[in-house]
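Bear in mind these aren't lab numbers, they're just calculated from the coordinates by the rules spelled out. Just so it is clear, the structure is predicted and the values come from calculations on it, not from any experiment. Neighbour counts are summed over all protein chains in view; Cβ atoms, including those assigned to glycine, are modelled from backbone coordinates with ideal geometry.
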Number of protein chains: 2
Amino acid sequence: MDRIRRLAERASTDRAKLDALFDDQLVGTLAGVHEDAPWVVPMMVARDGDRVVMHGSTGAGLLRHAASGAPVALCVTALDALVVAHSGFDSSMNYRSAVIRGRCTELRGADKQHGLDVITDRLAPGRTAEVRPHTGREVAATLVLALPLTDWLYKERTGTASEPDEETDAWSGLVPLQQGWGEPERAPFSDAALPPSVRGLIGR
Amino acid sequence: MDRIRRLAERASTDRAKLDALFDDQLVGTLAGVHEDAPWVVPMMVARDGDRVVMHGSTGAGLLRHAASGAPVALCVTALDALVVAHSGFDSSMNYRSAVIRGRCTELRGADKQHGLDVITDRLAPGRTAEVRPHTGREVAATLVLALPLTDWLYKERTGTASEPDEETDAWSGLVPLQQGWGEPERAPFSDAALPPSVRGLIGR
């Protein structure tokens, strides 16, 4: 059993798998260290080439800490399926996860504007072209950080439950997690038609 | 705009909201500190009353670190909707998140067995009654930790996009994330009928 488990749950150095995870997941957990204890905050993540862009208020403590160049770690995880095995011990989950470690740089000037556009377009591809540019006040109120995709570890578990090496009549298999964007809900004060960016998300 | 944003994105001390988040989310990010840098690992989480139970191999570094009583933080986040606003700055996400800080205790004896059952039943409610008990070897190979729900912070954003205080013809609204368990996929070596625990997950 352990042999099969180790084959199925493994690290990968395939950068395409890392990129695919960022294509799927909008949220990660950013961690730092404060007074010898871990400090964690959920964060929107958007890959921009060989870096991950994150943003928040200039008042956000962990972002300011990260902007100062302190060591951080970012964990992004996608749950794909429950692995229901013949025993509790062999039961598991299919998942994909990445941990990126390093130090952030604060984006400034044109690169900061670019980072904000990357974030807006990550939420709904093409949205940047549908809304007005960021104002100076908005840019000033936002901290935009980039974490390089240099020191990263990708792991996944795929495949069905491990095959029992004992007699059992217990069911074994996967229960896949299905996810998708539902019907958009227009705000009561908005009378605009559904824009291409949102139509793209829902495939129509 | 900022006023509305702050009203919509807020912390809550409502324990029922924390419990509901754990009812929804199976995976969190556990963080510790190693050589002054953050150390993060995705982790299955299962609430057991006033504590969160986590488990892994006795060889798992961060779990061993946590078992030693080192300070840890656990972040659990649910993404509920994209908030598509009239500007990039006002766009956001509806989410629920919790950060639990503290120190873990390692479960032993009957409490460890109980913890493992909680985990098995968290994957598929009722599964413990459908599979054989954990063997001594399996219990010995597993580290089971509990983190008390004492020092926790819950935050959420709910509601639609913030109302523009400027002229705009940009669409505003929500795009909800829909999630659910899909059709179970029986392992090729299994010929058992779909058990009640899995039928419960998919509502039939």
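What the Cβ-Cβ distance of B:ARG10 and A:ASP50 gives, at R0 = 30 Å and to the nearest 0.05, is a FRET efficiency of 0.25.
Taking the inverse of the mean 1/r over every pair of distinct Cα atoms in segment B:97-158 gives a Kirkwood hydrodynamic radius of 13.6 Å. Annotation: amide H of B:ARG47 within the under-5 Å range of B:VAL53, sequence separation 5 or more or interchain, hydrogens built in the peptide plane. Ascending distances from the A:ARG132 label point to its copies in the other chains, with the point 7 Å along the Cα-to-beta-carbon line: 6.9 nm. For a straight C-alpha distance cut-off of 13 angstrom, the aspartates and glutamates reachable from B:LYS17 (same-chain residues fewer than eight places away being disregarded) are B:GLU156. Projected over all directions and averaged, the alpha-carbon convex hull of the protein assembly as shown occupies 20.2 nm². Label-to-label distances for B:HIS34 across copies, nearest first, come out at 2.3 nm, using points 7 Å from Cα in the beta-carbon direction. Peptide B:123-130 has a mean of 4 when you count, residue by residue, the C-beta atoms of other protein chains within 10 Å of its C-beta. Mean residue ellipticity at 222 nm, helices only, chain A: -7000 deg cm²/dmol; runs of at least 4 DSSP H residues each add -39,500 (n - 2.57), and the sum is divided by the number of residues. Modelled label positions at B:GLU35 and A:ASP191, each set 7 Å beyond Cα in the direction of Cβ, lie 6.3 nm from each other. Within segment A:83-204, the proportion of Cα pairs with more than 23 Å between them is 61 percent. Binning the alpha carbon pair distances of segment A:1-106 at 10 angstrom intervals from zero yields the distribution 13, 39, 28, 17, 4, 0, expressed in whole percent.
Over all alpha-carbon pairs in segment B:2-202, figure out the percentage whose distance exceeds 19 Å. Above the 19 Å cut-off, segment B:2-202 has 68 percent of its Cα pairs. Taking packing as the residue-averaged number of other Cβ atoms within 10 angstrom, the listed peptides B:160-169, B:64-73 run from highest to lowest as B:64-73, B:160-169.
Ascending distances from the B:THR158 label point to its copies in the other chains, with the point 7 Å along the Cα-to-beta-carbon line: 3.9 nm.
When the P(r) of segment B:163-204 is calculated, the portion above 17 Å amounts to 59% of the C-alpha pairs.
Note on A:46-58: average number of Cβ atoms from other chains within 10 Å of each residue's Cβ is 0. Extending 7 Å from the Cα toward the beta-carbon at both A:THR58 and B:ARG204 defines two label points whose distance is 5.6 nm. Evaluate the Debye formula for segment A:131-203 with equal point scatterers sitting on the alpha carbons, no solvent, and hand back log10 of I(q)/I(0) at q = 0.11, 0.19, 0.26 Å⁻¹, in q order, two decimals. Result of the Debye calculation: -0.75, -1.07, -1.17. In summary, segment B:89-133 shows an alpha-carbon radius of gyration equal to 1.85 times the 2.2 N^0.38 Å reference for compact globular proteins. Taking amide hydrogens as placed 1.01 Å from N in the peptide plane, the amide H of A:GLN178 sits under 5 Å from those of B:GLY180, B:TRP181, B:GLY182, each at least 5 positions away in sequence or on another chain. The C-alpha atoms of chain B define a longest principal axis, and helix B:15-24 lies at about 70 degrees to it. Per-residue shielding of A:61-70, expressed as the average number of other chain Cβ atoms within 10 Å of the residue Cβ, stands at 0. Computing FRET efficiency as 1/(1 + (r/R0)^6) for A:THR105 and A:ARG137, where r is the C-beta to C-beta distance and R0 is 22 Å, gives about 0.45.
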